[in-house]
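The values are calculated or read from the model by the stated rules, or taken from the named source; none is laboratory data. Just so we're clear, the structure is a prediction, and the values are computed from it rather than from any experiment. Don't worry about glycine lacking a Cβ; one is built from the backbone with ideal geometry, like all the others, and counts go over all protein chains shown.
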Amino acid sequence: MKKCVKKSIGLMLVASMTVSSLTGCGSTAEESKDTTSKNNVEKTDNSKTSNVEEILTNKMDTSKDSEKKESVYVEMDAEGNVTKTTVSDELKVSGSENITDYSNLSDIKNLSGDEKFTKSDDGKIVWENKGENISYQGTTTEATPINVKVTYYLDGKKISPSDLAGKSGEVKIVYNYSNTAKTEDGQFVPFLALTGMVLDDNFSNVKVDNGKVVSYDDSNIVIGYAAPGLKDHLLNTIYNAEDYIKDADIPEEVTVTADVKDFSMNMTLTVASSDIGDMNLKDTLDLSDVQKQMDELQDGANDLVDGAKQLNDGTTKLKTGSKKINEGAKDLSKYTLQLSNGTKEMATQYTVFNKALLAGVKSAKSGADKLYAGTKSIKTATGTLDTGAKGLKKGIADAKSGSSQISSGLKSAKAAFEDTKKSQGLVNGSKTLAAGTKEASAGVDQLVDTLKNTPDSIQENINTVIDTVKEESGGAIASEKALNTTVEAINTAVTSGMELSQVLAANGLNAKTYYKLVQAYYSVQTLEQVKTQFTKQIATSASDIKKLTDGMDALKTGSSALSTGIGTLYAGIKQLSTGADSLDSGMSQLKTGSTSLAEGTGKLKTGASDLNDGMKTLSEGAGTLSKKIGDASPKIKAGIGTIDTAASQISDGAKTLASGTTELKDGIVTLADGTKELKDGTIKLNDEGISKITKTFKEDAPDAIDKIQETLNNGKKYNSFSGIDKNMSGNVKFILKVQEISNDK
């Protein structure tokens, strides 16, 4: 079962990485005769092989709806060392407003039109929008997350590309890829790298380990693929990954081998993309039926283990029980032998015992007579004690009634201090009074301050009016006195018969200014009158105001003291109430105890009378016992003889039982050992076999699929190398160009 899941996950992973990129490289006419199962060689037409870059990039282009398409061109020497990085971007127009982009590129040029752009220090670019898509290009010195190193071998020995030029022999070229890409939150980004090359007719017997060889005329187009870093990432993130993907073919490099004459090779291209297609592994790998079967298998295994444990527990208990039975049988044999010997001795000693018994009974009769005489005195004393206990009970009952009244009264007093739903108690009422008095005192203080400050406030208003007059008159009238003099002089002149316009002209004023002066004049007069009245009123009421403030201070102090006193009184009443409750409780207990005492003395009185009667009966019975023991003695002796015979028979039977239980114990020990081996075997089968198999399908396999799906989804999050606006969707691919190796000979 586990192999099935492992192969399925491996196949789906490889398929998801390659299905969209390696199928359809050309229309297959026929397979070459020298094709191996690992290296398919196909015929294709010229239109699909003339441009390797177009073939590779078309297979990687899944971003037709992206708003920003980015192609990163990395120029490298023959060994894979980067010499230059150029980035081409295409922005898709979707509206009438200018296009906002983000880029860290230098030397940006518009490749598709004459639209202008502005760029800020933070990399934000705003392009002019003329309704056409914008293609631009720039350069960068930033390291790309995808790189390739190329190693060359001739006849099994490593060789530099410059030394390889012009050589002949068996050539091996190894393309080793590295991937350092991360999402914004630091997650691994999977990349699929496709490497393509065109090998001329100097190459023969061309093979590639991870890819295809497509034949065209006298040349071969080689396409290899790899997913650098992916397998290590999955091994580090998937629980028990070694069980699933250690044998999965997820290549880190591409190796091309061929027989070559006069070696030279054109430029090779590698296209890498993180957008590696859509695939839902949960839908593809439906494990629901298998998981259900695994649940049933595990349930059965658990039942088997439980049954084996129960069987082992039962036999263990049986083993212990049989041991105890065997030991008990041996003890029974031992003690029945002792019983038999004891009955013989008892028959011998009975005569001695009988004599001593009769003497003892006679002595008991004498003692019983003496006890009977003593109990008569006890009976008289308990009568007196009972009378006293009844008197004590009545006195305690009266005291209990008084303590209850005290407790009730204190509870009523305490309730007056506490709040209820219907009314407020003295404690919180006094607090509310104190708080209200404090607020009222503050209000009175504020009112007094307001009264005292009112004349000053009125004067500030007068000063404001004079400042306005000063501004309106250009500084000519700068005081209240000057205002009054000017307005009164003008009014007097007009009243005497002069024209207002002449008077205003003589004073250097116009009508508008005059009317403002008049308005200010009467405002000041009114404010002066109000100020005078307030000043007189405050002076007249000074003593009343002082009495009011002194009274409020006294009221505030008194209410605070009242609240404190009520709080102290309440605390005392609470303590007194608690003490009264304790007193009442104690009196209740004392009352109960006195009742119990009275009942006990009554019972003691009755018991003393009963004891006296009993002792009388004991004395009489002792005499009767002495007589009957003498009559029964011969019968007891005969009975002891019968017991001795039966004890001998029991002893013989116990010996036989002990012998049989020994054989039973040995058989049960053998059975217990066997059930223990059965239990250990079923537990081992469950732990090392069935549980691991069922856990694979219930836990490990779904988790592995989820982790692989999550990794594939991370590829879609990587949408730009040089930068992109946060509101824009994007897609990026890397085109790595390895320099050609020419044969100049």
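Observations on the model:
- Within the range 203-219, residues that are at positive phi reach partners that are part of a strand (DSSP E or B) and surrounded by fewer than 17 Cβ atoms within 10 Å (Cβ to Cβ) with beta carbons closer than 7 Å, at six or more positions or on different chains, in the pairs ASN205/ASP259.
- Residue within the range 506-522 that is part of a helix (DSSP H, G or I), assigned by TED's automatic domain parsing to the domain that holds ASN461, small (Gly, Ala, Ser) and crowded, with 17+ Cβ neighbours inside 10 Å present: yes
- All conditions but one from (1) out of contact with any Pro (no Cβ under 8 Å at 6 or more places or on another chain); (2) charged (D, E, K, R); (3) in the same structural domain as THR454 (by TED's automatic domain parsing) apply to ASP553; the one that does not is (3).
- Any chance GLU439 is acidic (Asp, Glu) and within 60 Å of the chain's Cα centre (by Cα): yes
- Taken over the range 213-229, the criterion of being part of a strand (DSSP E or B) and in contact with an Asp or Glu (Cβ under 7 Å, 6 or more places away or on another chain) is satisfied by VAL214, SER215, SER219, ALA226.
- Filtered residue count, the range 261-287, keeping only those that are modelled with pLDDT under 90 and not polar (S, T, N, Q): 11
- Hey, GLU488 surrounded by fewer than 16 Cβ atoms within 10 Å (Cβ to Cβ) and charged (D, E, K, R) or not: yes
- Restricting SER563, SER609, SER596 to those that are among the hydroxyl-bearing types (Ser, Thr, Tyr) and at pLDDT below 75 reduces the list to SER596.
- Members of the range 181-239 found to be acidic (Asp, Glu), out of contact with any strand residue (DSSP E or B) (no Cβ under 8 Å at 6 or more places or on another chain) and farther than 17 Å from ILE708 by Cβ, listed by number: GLU184, ASP185, ASP217, ASP218
- Number of residues in the range 186-203 that are surrounded by fewer than 23 Cβ atoms within 10 Å (Cβ to Cβ) and in a loop (DSSP other than H, G, I, E, B): the value is 6.
- In this structure, LYS438 does not qualify as basic (Lys, Arg), in the same structural domain as GLN519 (by TED's automatic domain parsing) and assigned to a helix (DSSP H, G or I).
- Residue satisfying all of: in the range 537-553; within 15 Å of THR450 (Cα to Cα) and not polar (S, T, N, Q); modelled with the lowest pLDDT among these: LEU548
- Pairing residues of the range 729-741 that are among the acidic types (Asp, Glu) with residues that are surrounded by fewer than 24 Cβ atoms within 10 Å (Cβ to Cβ), at Cβ distances under 9 Å and at least 6 apart in sequence or on separate chains, gives GLU740/ALA78; GLU740/SER264; GLU740/ASN266; GLU740/MET267.
- Residue within the range 139-155 that is of a type outside the set (Ser, Thr, Tyr), farther than 19 Å from LEU269 by Cβ, modelled with pLDDT of 95 or more and surrounded by fewer than 18 Cβ atoms within 10 Å (Cβ to Cβ) present: yes
- Given (1) at pLDDT 85 or above; (2) not in a strand (DSSP E or B), number of the condition ALA258 does not satisfy: (2)
- Qualifying residue in the range 722-735 (condition: basic (Lys, Arg) and modelled with pLDDT under 70): no
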